[in-house]
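Trainee: Following this message is one structure expressed as structure tokens.
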Amino acid sequence: MSRHRITDAIRIRSDRTKDREHSSPLYLTSSFAFDDAEQMRATFADENDDYIYSRFSNPSVQEFTDRLAALEGAEDGFATASGMSAIMATFLAFLKQGDHLLCCNAIFGSTHGVITKYLPKYGIGYTYVDGSNPASWEAAVKPNTKMFFLETPTNPGLDIIDLEAAGQLCKKHNLIYNVDNCFATPIGQTPIDFGADLVVHSATKWIDGQGRVLGGAVVGKKELIKDVYLFCRSTGPALSPFNAWVLSRSLETLDVRMERHSSNALHIATALEGHPAISSLKYPFLPSHPQHAIAIRQMKNGGGIVCFELKGGLASGKSFLDKLKMLSLTANLGDTKSIASHPASTTHAKLTDAERAAVNITPGLIRISVGLEHRDDILQDILQALK
Ligand SMILES: *Cc1c(COP(=O)(O)O)cnc(C)c1O
């Protein structure tokens, strides 16, 4: 029997030293020294994989990458300074002038910004498709379509996109299948099992889980990660060794944290469903979720995010935030501390009304990132703010 992935996330060490620290040391160094000219020559000639410079690789970063790749069931990975630099690296390492990107329409706000504002500058076109309607995807594939990018569950609408259907489309049309797995984490779902070639992460969210550091990663097929590595080695979005060291320790507890985040979220979603101040509520593992059947097929838990729509739109959304006593108002998600946000007035304020409506971001939408506090305290705070 091969070792379980969550054991690998705890036990993998990539520091290749004989140090006896039980917790792997932090390699806070920008470069690595050589014994002699011959060793230095051989390393620069790629005749061995010794460390050279922390923009290319670093033992603390390598440990984080190896552990995340193990959790995702990926052959290899490369860690980056943030989730956005991971996403950008996958676009720029594989797409060139004249190529076309197929993309589900409900994606993270900054990803939308990159696709619509920056990729066209380099002659890379895109088409958005409705993630909840897989039958509509194929008509958008063009002869020059090179990659299909999607995010599931989506932020902040919590739509679930059929990973298996996307895998089949990518296989049929020979597209690079690229999934942002930030919301589910590898504990909640592993897109590679559904055919994904690349999985990108914002490690800033659930992976860190304590709101301390920014980080990102790309994992996937070895031959593709090689291109991501070569792109990043030249362009420099390297993850800081300190952040990697923090994130690597975070992976040791990701499984137990996500179990509690998810059970707290399910409890809160169940308790709030049908509340008179709420017109609709979404949680992937509630039978009322429009894509519940897909969610339970491809996810191992429902994750830590609950969304609901307040009666009364924009004004009630803002007043709900103002009445909260414990939940934090902050841009992050995936923290030990529960967080409330109102996308229409903040993260998605730059979109037009029509663009927001297309991705189910209604004026009264509230997103709760359910933390690790006692579930009764989280629920009480939400209930008193709904009064
Ligand atoms: C936050 C986030 C990102 C961007 O990650 P950063 O680490 O902030 O750069 C990308 N995708 C999703 C789904 C996110 O929530």
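Trainee: Please specify each residue of region 351-383 satisfying the condition of being free of Cβ contacts under 8 Å to residues at least 40 places away in the same chain and among the hydroxyl-bearing types (S, T, Y).
Mentor: Across region 351-383, the qualifying residue is only T352.
Trainee: Could you identify the single residue in A93, A74 that is touching a strand residue (DSSP E or B) at 6+ places or on another chain (Cβ under 7 Å), surrounded by 15 or more Cβ atoms within 10 Å (Cβ to Cβ), touching a residue at least 40 places away in the same chain (Cβ under 8 Å) and not basic (K, R)?
Mentor: A74
Trainee: Here is a list: I87, I115. Which entry is surrounded by fewer than 22 Cβ atoms within 10 Å (Cβ to Cβ), within 14 Å of the ligand (Cβ to nearest atom), outside the structural domain of V306 (by TED's automatic domain parsing) and modelled with pLDDT of 95 or more?
Mentor: I115
Trainee: Which one is nearest to the ligand (Cβ to nearest atom), of the residues in region 139-160 that are among the hydroxyl-bearing types (S, T, Y) and at pLDDT 95 or above?
Mentor: T152
Trainee: Scan region 138-157 and report the pairs whose first residue is closer than 11 Å to L101 by Cα and whose second residue is crowded, with 18+ Cβ neighbours inside 10 Å and of a type in the set (G, A, S), with Cβ atoms within less than 8 Å and a gap of 6+ or a chain change.
Mentor: That search, which allows pairs on different chains as well, returns F148/A166; L150/G131; L150/A166.
Trainee: Taking the condition surrounded by fewer than 18 Cβ atoms within 10 Å (Cβ to Cβ), within 30 Å of T362 (Cα to Cα) and touching a residue at least 12 places away in the same chain (Cβ under 8 Å), does G125 pass?
Mentor: yes
Trainee: I need the full set of residues from region 61-84 which are away from the ligand (no atom under 16 Å from the Cβ) and either out of contact with any Gly (no Cβ under 6 Å at 6 or more places or on another chain) or of a type in the set (D, E, K, R) (or both), in order please.
Mentor: Q62, E63, D66, R67, A70, L71, G73, E75, D76 - these are the residues of region 61-84 that are away from the ligand (no atom under 16 Å from the Cβ) and either out of contact with any Gly (no Cβ under 6 Å at 6 or more places or on another chain) or of a type in the set (D, E, K, R) (or both).
Trainee: What do you reckon, is D36 exposed (fewer than 11 other Cβ atoms within 10 Å of the Cβ) and either closer than 30 Å to L254 by Cα or not assigned by TED's automatic domain parsing to the domain that holds T185 (or both)?
Mentor: Taking the combined requirement at face value, the residue does not satisfy it.
Trainee: Output the helices (runs of 4 or more DSSP H) that fall wholly within region 161-254 and possess 1 or more residues being of a type in the set (V, I, T), over 20 Å from R67 (Cα atoms) and more than 14 Å from the ligand (Cβ to nearest atom), or say none.
Mentor: 222-235
Here's the yes/no breakdown for (1) aliphatic (A, V, I, L, M); (2) closer than 17 Å to A271 by Cβ; (3) not in a loop (DSSP other than H, G, I, E, B):
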| residue | (1), (2), (3) |
| --- | --- |
| G302 | no, yes, no |
| V306 | yes, yes, yes |
| A315 | yes, no, yes |
| L321 | yes, no, yes |
| K337 | no, no, no |
| A349 | yes, no, no |
| R356 | no, no, yes |
| Q380 | no, yes, yes |
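Trainee: Can you name every residue in region 323-350 that is more than 20 Å from S82 (Cβ to Cβ), more than 21 Å from the chain's Cα centre (by Cα) and in contact (Cβ under 8 Å) with a residue 40 or more places away in the chain?
Mentor: Result: K323, L324, K325, M326, L327.
Trainee: Looking at region 96-114, which of its residues are more than 15 Å from V179 (Cα to Cα) and within 22 Å of the chain's Cα centre (by Cα)?
Mentor: G109, S110, G113, V114
The values are calculated or read from the model by the stated rules, or taken from the named source; none is laboratory data. Quantities reported herein were computed from a predicted structural model and do not represent experimental measurements. Because the Cβ atoms are built from the backbone with ideal geometry, glycine has one as well, and the counts that use them run over all protein chains shown.
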